[in-house]
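The values are calculated or read from the model by the stated rules, or taken from the named source; none is laboratory data. Note that the coordinates shown come from a computational prediction; the quantities given were computed from them, not determined experimentally. Positions of Cβ are backbone-derived with ideal geometry, glycine not excepted, and every protein chain shown enters the neighbour counts. Areas reflect the complete protein model, heavy atoms only, side chains present, ligands, DNA and RNA absent. Shrake-Rupley method; radii C 1.70, N 1.55, O 1.52, S 1.80 Å.
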Amino acid sequence: MKRSEHRILTTHVGSLIRPQELLALSAEAKQGAATQPYDDLLRRSVAEIVQAQAKVGIDVVNDGEFGKSGWANYALGRVSGFEERPDRMYPAVWLGRDRFRFAEFMAKEFPRGITGTPGHACVGPIEYRDRKSIARDVANLTMAVESVGVEQAFFTAVAPASVGYDAANEYYSNERDYVLAIANALHEEYLAIVGAGLILQVDDAVLANMYDTLVQESPRRYREWAQLRIDALNHALSGIPEDRVRYHVCFGSWHVPHVADAALEDIVDLILQVRAGAYSIEAANVRHEHEWRVWEKVKLPDGKILIPGVVTHHTVTVEHPRLVADRIVAFARLVGRENVIAGTDCGFAQAEGIQRVHPSVMWAKLESLVEGARLATEELWRG
């Protein structure tokens, strides 16, 4: 994994807004239409999004997650054992007490926070089955980066804790066996990504999202729940060098009050247990920006990289590059400039059709990220 040895490198979390034509062909393919037109457009779209990232100046790029239906639930279509439950509404427990505290807001702005959403159930053995999709997606990205001048490329995959966050286990006799079965299946996908020469980024929003609900039972209950899933993730990463892995934790991309968010100081020890070379953590939105102070007390392990979010998807206001630079410098002075890569809080399109901001705003934010990194470089190396 590249480091900021001579300047602050830039990256982002993963999901970028899909082109409308790609969304239309994806929908048609899911309804039974021929998949070749979709596959051909997907390959071209990945090449274009990689070129666009390089043009803006992003150093460590990806495919925008264009080949996935969503950041986490895509996995339910690639493994066996799950079936849809369209008539069962799963409560949004990952919102914690905010779904009650802000019930009127939720009803108007985020209805699933009140009503829940249809989900899945595990009804059989979990095994990795859809090898064609991961092979297609990593091939599209590796081909795309061959023709652009970037430092490196990464590819995202979901963590065991975040698989089936609107799902129930009806097959395995206990929680441990269920979670480890998910980890064993994901291990195959992780290997495919690293085997293609890409950096693996493991996405794990649910690790933080379940905090508020579970600590209402007891703080111990959350720790037990989380520790099982951290152990499962490390199991899924077996045999993969740490310097080929980034671990991303955020507090949910949805535009809600986020009062129920976990405090970083309460979960940072869990995050640092993950066998990864870099930790990507949300740090630019108004609920978490103050948490750079956590690194005044917590030591980033030797040899590791911190990828703080320094621009956010949570607001349409484009961050001023000077503010971005100030955020970068604050982290660099605590953990070392060579140990910081500037990133985003979360993705901009966590599922097909989602746009957290308008595409023009997304690109403006990434431009500000790059310019902020340049200003931070001036200050940290030449200032």
Count of region 239-257 residues which are crowded, with 18+ Cβ neighbours inside 10 Å, modelled with pLDDT under 95 and out of contact with any helix residue (DSSP H, G or I) (no Cβ under 7 Å at 6 or more places or on another chain): 2
Residues within region 144-197 that are within 21 Å of VAL123 (Cα to Cα) and either touching a Gly at 6+ places or on another chain (Cβ under 6 Å) or polar (S, T, N, Q) (or both), tallied: 8
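On the given criteria, is ILE341 β-branched (Val, Ile, Thr), part of a helix (DSSP H, G or I) and within 24 Å of ASP243 (Cα to Cα)?
Working: β-branched (Val, Ile, Thr): yes; part of a helix (DSSP H, G or I): no; within 24 Å of ASP243 (Cα to Cα): yes.
So ILE341 fails the test.
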Count - residues of region 9-47 that are over 19 Å from GLY149 (Cα atoms), touching an Asp or Glu at 6+ places or on another chain (Cβ under 7 Å) and either surrounded by fewer than 16 Cβ atoms within 10 Å (Cβ to Cβ) or polar (S, T, N, Q) (or both): 3
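Give the residue that is nearest to GLU319 (Cα to Cα), with candidates limited to residues of region 272-287 that are of a type outside the set (D, E, K, R) and without any contact (Cβ under 8 Å) to a residue 40 or more places away in the chain.
Filtering region 272-287 for residues of a type outside the set (D, E, K, R) gives 272-274, 276-281, 283-286.
Checking which are without any contact (Cβ under 8 Å) to a residue 40 or more places away in the chain leaves us with 272, 279, 281, 286.
Values: LEU272: 28, TYR279: 22, ILE281: 18, VAL286: 12 Å.
Result: VAL286.
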Considering residues of region 215-229 that are without any contact (Cβ under 8 Å) to a residue 60 or more places away in the chain and open to solvent by less than 80 Å² (accessible area, probe 1.4 Å) only, the residue nearest to ARG97 (Cα to Cα): VAL215
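Evaluate the following for VAL361: is it in contact with a strand residue (DSSP E or B) (Cβ under 8 Å, 6 or more places away or on another chain), modelled with pLDDT of 95 or more and either more than 24 Å from VAL259 (Cα to Cα) or of a type in the set (Ser, Thr, Tyr) (or both)? Even if it seems obvious, please write down each step before you answer.
Details: in contact with a strand residue (DSSP E or B) (Cβ under 8 Å, 6 or more places away or on another chain): no; modelled with pLDDT of 95 or more: yes; either more than 24 Å from VAL259 (Cα to Cα) or of a type in the set (Ser, Thr, Tyr) (or both): yes.
When the stated conditions are applied, VAL361 does not pass them.
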Lone unmet requirement of (1) farther than 22 Å from ALA284 by Cα; (2) buried (at least 23 other Cβ atoms within 10 Å of the Cβ) for ALA52: (2)
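Evaluate the following for ASP203: is it under 15 Å from the mean Cα position of the chain (by Cα) and either within 29 Å of ALA107 (Cα to Cα) or not small (Gly, Ala, Ser) (or both)?
Working: under 15 Å from the mean Cα position of the chain (by Cα): yes; either within 29 Å of ALA107 (Cα to Cα) or not small (Gly, Ala, Ser) (or both): yes.
For ASP203, the condition - under 15 Å from the mean Cα position of the chain (by Cα) and either within 29 Å of ALA107 (Cα to Cα) or not small (Gly, Ala, Ser) (or both) - is met.
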All positions within region 104-151 that are open to solvent by 60 Å² or more (accessible area, probe 1.4 Å), touching a residue at least 40 places away in the same chain (Cβ under 8 Å), closer than 27 Å to ASN62 by Cβ and not acidic (Asp, Glu): ARG129, ARG131, MET143, SER147, GLY149
Residue that is nearest to VAL215 (Cα to Cα) [pool: residues in region 87-101 that are of a type outside the set (Lys, Arg) and buried (at least 21 other Cβ atoms within 10 Å of the Cβ)]: GLY96
Matching residues in region 61-86 - criterion: being open to solvent by 40 Å² or more (accessible area, probe 1.4 Å) and in a loop (DSSP other than H, G, I, E, B): SER69
PHE66 vs. criteria over 30 Å from GLY343 (Cα atoms) and of a type in the set (Phe, Trp, Tyr): no
Residue ranges of strands (runs of 3 or more DSSP E) in region 212-323 with at least 1 members over 28 Å from ASN184 (Cα atoms): 305-311
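For GLU338, are the conditions met, namely being over 20 Å from HIS248 (Cα atoms), surrounded by fewer than 24 Cβ atoms within 10 Å (Cβ to Cβ) and not hydroxyl-bearing (Ser, Thr, Tyr)?
Details: over 20 Å from HIS248 (Cα atoms): no; surrounded by fewer than 24 Cβ atoms within 10 Å (Cβ to Cβ): yes; not hydroxyl-bearing (Ser, Thr, Tyr): yes.
No; evaluated as a whole, the condition is false for this residue.
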Looking only at region 196-207, and only at residues there that are in contact with a Phe, Trp or Tyr (Cβ under 8 Å, 6 or more places away or on another chain) and farther than 28 Å from HIS258 by Cβ, the one that is most open to solvent (accessible area, probe 1.4 Å): ALA196
Matching residues, region 156-195, being in a loop (DSSP other than H, G, I, E, B) and open to solvent by less than 40 Å² (accessible area, probe 1.4 Å): ALA159, VAL163, GLY164, ASP166
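Looking at region 292-311, which of the residues that are charged (D, E, K, R) and either in contact with a strand residue (DSSP E or B) (Cβ under 8 Å, 6 or more places away or on another chain) or farther than 21 Å from HIS258 by Cβ (or both) is most open to solvent (accessible area, probe 1.4 Å)?
Ranking the candidates gives LYS297 first.
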